[in-house]
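The block underneath contains the structure these notes are about, expressed in structure tokens.
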Amino acid sequence: MLISRRVLPTLLALTTTLAFSSAALAHAHLKHQFPAADAAVSESPKALTLSFSEGVEQNFSKVMLTGPNNQLVATGKPTRSGSDDKQLEVPIEAPLKAGHYQVQWQVVSVDGHKTKGSWAFSVK
Ligand SMILES: [Cu+2]
């Protein structure tokens, strides 16, 4: 059976998801984010926004932004926006120059489970 290197991780992830689907339901999965995944924005965003499927603990949440040449971009602490414990806002300290950016996040949901992921966007 021929499985490409690209497909294999997806298959493994799918198998894992199926095997743990009942537990996975309660985990905090990223539902929406700003800037959107693979978006090309013309204005530098002032903050990253991450919306999860479950409430998250802001003190145990980490969001890392890297820019062109894998340089770490200075960001503020992730904070819940208002009363919504499913949403985190991460202030970006200085305007982003044009280029490709990657966001890596790791959160602990209110049920104590860790999830992580990443997405990319670019600034025109
Ligand atoms: Cu969970």
*Reach of LYS46 by Cα under 23 Å, taken over lysines that are not fewer than 8 positions away in the same chain*: LYS31, LYS62, LYS77, LYS86, LYS97, LYS116, LYS124
*Can you work out the base-10 log of I(q)/I(0) for the range 27-123 at q = 0.15, 0.22 1/Å, using the Debye formula on its C-alpha atoms alone?*
-0.53, -1.09
*May I ask you to compute the full-extension gain from HIS113 to ALA36, defined as 0.36 nm times their residue separation minus their alpha-carbon distance, rounded to one decimal in nm?*
25.3 nm
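Computed from the coordinates by the stated procedures, all read-outs in this text should not be read as laboratory data. Please read all numbers here as calculations on a predicted model, not as lab measurements.
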